[in-house]
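Everything on this sheet refers to the single structure shown next.
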Amino acid sequence: MKTDIQTSPLRTILVTGGCGFIGSNFIRYLLTESGFSGCVVNVDKLTYAGNPESLADIQERFQDRYRFIRADICDRDAVRDVFRRHGISAVCHFAAESHVDRSIVAPDAFIKTNVEGTFTLLEVAREHAQSFELFHHVSTDEVYGSLGPDGYFTEETAYRPNSPYSASKAASDHLVRAYGETYGLPVTISNCSNNYGPYQFPEKLIPLMILHAVEGKPLPVYGRGLNVRDWLYVTDHCRAVWEVMRRGRRGRVYNVGGRCEMANIDTVNRICDLVDEILPDSPLRPRRQLITFVKDRPGHDLRYAIDCSRIEKELDWRPQESFESGIRKTIRWYLDHREWIDRVRSGEYQAWVQQHYGQV
Ligand code: NAD
Ligand code: DAU
């Protein structure tokens, strides 16, 4: 694989899954903060997790530089059409089924989108090899499996995925790497830890806990709440992805993390205390009393912790947000965006909550 450092011009970027949590934050970052002057084409299937309203203001403001196309990344003709019509020169691939609990109940969509969808994108990129600049694949630390109390995931850690979700992401990482090695496709991969921030679908720990704490509903903590996650504010992840795309060595993997390990129970306690502080007159205080320990997730990974020294050294990337500042911003965002929340919580979301949490 090629490993030269490049500062790429990257003119027209296809962002997949741009209506999801990180993808929408990435497009917002790219067009409003990064200094990028090219065009963005957002291809999203709009599953339950995709919401074009998350980018309504961007659509309005960047009519000449932003285009949304509803399509499935598994549909090769549709992807070919996007490449041809929009002169795609780079891909930033976020589209995925992303929720571990769903992958345990219904893995099919994970294999389809995460494996076959990535394969389809790679094949179409390969058809455009002459003019193609970069395929950046957004992946997860979960491909490395679970850590004990010590140690970190480095880019050399062997893959050991434990859920259908992480296994499907691992498969997609291997495909991306293989297309770099075999066909010389310019590729980069980033493996990131747990993100939180605005526009995250409220099935994931942090937004679920914020909303339930505000509404006085039980806070379902799996097992004893001792599993550890390494939290990163979403904009810090977006900056990392962009730095890798701009300046990362082609063919290289970059781990991204917050150096912010927290046991789930501590994360939930902190959210309870902050919501109490922000809403001091509420009769629901203290919200820690809402915490309910529930049945553990099968195959629940104990601990994730990222060694991100490579991206720090090579690309001078560091998180700008601490957990304290990031979680305050996030709680404030969920308090101020009631309409967005009500809309994404309707329909299939309700059915899933019923099935998964029963009457919680
Ligand atoms: P998300 O579930 O919020 O969004 C996924 C988006 O992909 C949605 O808009 C959905 O409609 C779209 N999508 C799903 N299937 C599709 C298909 N077949 N064709 C086109 N679009 C499709 O996910 P997220 O949390 O924003 O994660 C984005 C990416 O980042 C994923 O690849 C995930 O594995 C990775 N990642 C997430 C985290 C995290 O903490 N959320 C951490 C590290 C890596
Ligand atoms: O590490 C990166 C990964 O982080 C991403 O690849 C995934 O797409 C993303 O969903 C996330 O996976 P997790 O399984 O770590 O995130 P989740 O928010 O589902 O859960 C975080 C922790 O909280 C985990 O240990 C399970 C626990 N949990 C989760 C939920 C939803 C609870 O205790 N109660 C809950 O209700």
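The values are calculated or read from the model by the stated rules, or taken from the named source; none is laboratory data. Everything numeric here is computed off the predicted structure, so don't read it as measured data. Quick reminder, even Gly has a Cβ in these numbers, built from the backbone with ideal geometry, and neighbours come from all protein chains shown. Accessible surface areas use protein heavy atoms only, side chains included; no ligands, DNA or RNA. Shrake-Rupley method; radii C 1.70, N 1.55, O 1.52, S 1.80 Å.
Give me the Kirkwood hydrodynamic radius of the stretch 1-133 in Å, from all C-alpha pairs, to one decimal place? If you can, show how the numbers build up before the last one.
Values: mean 1/r = 0.0650 Å⁻¹.
Radius from the Kirkwood sum: 15.4 Å.
Partners of Lys204 within straight-line reach, counting lysines whose Cα lies under 29 Å from its Cα and excluding those fewer than 8 residues away in the same chain: Lys45, Lys112, Lys169, Lys217, Lys295, Lys329. Positive end of the dipole of the chain (Cβ unit charges, origin at the Cα centre): among Pro298, Thr188, Asn162, the Cα lying farthest that way belongs to Thr188.
For the stretch 201-360, what is the percent of antiparallel DSSP beta bridges, rounded to the nearest 5?
Percent antiparallel among DSSP bridges in the stretch 201-360 is about 40.
Per residue, the average separation of C-alpha pairs within less than 8 Å and at least 6 apart gives the chain a relative contact order of 20 percent. Of all DSSP-defined beta bridges confined to the chain, some 10% are antiparallel rather than parallel.
Volume of the convex hull of the stretch 191-340 (Cα atoms only), normalised per residue: 116 Å³. Report, in deg cm²/dmol and to the nearest 500, the calculated mean residue ellipticity at 222 nm for the chain, where each DSSP H run with n ≥ 4 adds -39500 (n - 2.57) and the sum is divided by the residue count. When only DSSP H runs of four or more count, the value is -12000 deg cm²/dmol. To the nearest whole percent, what portion of all C-alpha pairs in the chain is separated by more than 38 angstrom? It works out to 13 percent of all Cα pairs. Highest mobility in the GNM of the chain, judged by mean-square fluctuation with C-alpha springs under 10 Å and restricted to Thr113, Thr267, Thr32, is found for Thr32. Of all aspartates and glutamates in the structure, the ones whose alpha carbon falls short of 18 Å from that of Lys313, not counting any fewer than 8 places away in one chain, are Asp4, Glu155, Glu156, Asp236, Glu243.
Asp77 to Ser131: FRET efficiency via 1/(1 + (r/R0)^6), r the Cβ-Cβ distance, R0 25 Å, to the nearest 0.05? Walk me through the numbers before you get to the answer.
Numbers: r = 20 Å, r/R0 = 0.80.
That gives a FRET efficiency of 0.80.
In the context of the full set of protein chains, the chain has a per residue accessible area of 42 Å² (1.4 Å probe). FRET efficiency for the Asp307 to Arg224 pair, using the beta carbon distance and R₀ = 22 Å, is estimated at 0.25.
Using alpha-carbon pairs under 8 Å, 6+ residues apart, how would you state the relative contact order of the stretch 174-306 in percent? Can you show the working numbers first?
Details: 196 pairs, mean separation 48.6, N = 133.
Relative contact order for the stretch 174-306 comes out at 37 percent.
What is the gain in length, in nm to one decimal, between Tyr48 and Arg84 on full extension, counting 0.36 nm per residue of separation less the C-alpha to C-alpha distance? Taking 0.36 nm per residue and subtracting the Cα distance, the gain is 10.1 nm. Structure remark: mean-square fluctuation, Gaussian network model of the chain, C-alpha springs under 10 Å; the largest value among Ser309, Ser54, Ser282 belongs to Ser282. Using only side-chain charges placed at the Cβ, +1 for Lys and Arg and -1 for Asp and Glu, the dipole size of the chain relative to its Cα centre rounds to 240 debye. Ligands, DNA and RNA left out, the 1.4 Å accessible surface of the chain is 48% carbon and sulfur atoms.
Distance between the modelled labels on Phe293 and Arg70, one decimal in nanometres: 4.5 nm (7 Å Cα→Cβ projection). As a ratio to 2.2 N^0.38 Å, the alpha-carbon radius of gyration for the stretch 160-225 is 1.63.
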